[in-house]
Amino acid sequence: MGLVIDPVLMGTAEWNHLAKKERELAFLYTATTADEPHNDSHLFWVNKGELQTQRLAGTLNNLLPVFFGELHHYYQED
């Protein structure tokens, strides 16, 4: 089945683009797996230790402490 959304708000992330006078805000929720992905799927699961060593898209590596409950907010300014 993939992911089951756990409706627990873990925190927020904010990207403040000063030069463009734009701001992005995201609400970060946890999710748990219902099943392992199908073998023909391009999805794969890793444990927390392995995840922290992976190069993830965009600023996702910076958001991991929020998902793991170590921080409640992530802020980036450019």
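Taking into account only those residues within the stretch 32-57 that are part of a loop (DSSP other than H, G, I, E, B), among the small types (Gly, Ala, Ser) and at pLDDT below 90, which is nearest to residue 74 (Cα to Cα)?
34
Would you tally the residues in the stretch 41-73 being touching a helix residue (DSSP H, G or I) at 6+ places or on another chain (Cβ under 9 Å) and of a type in the set (Val, Ile, Thr)?
The total comes to 0.
The values are calculated or read from the model by the stated rules, or taken from the named source; none is laboratory data. A quick note: this is a predicted structure, and the numbers were derived from the prediction, not measured. Virtual Cβ from ideal backbone geometry, glycine too; neighbours counted across all protein chains shown.
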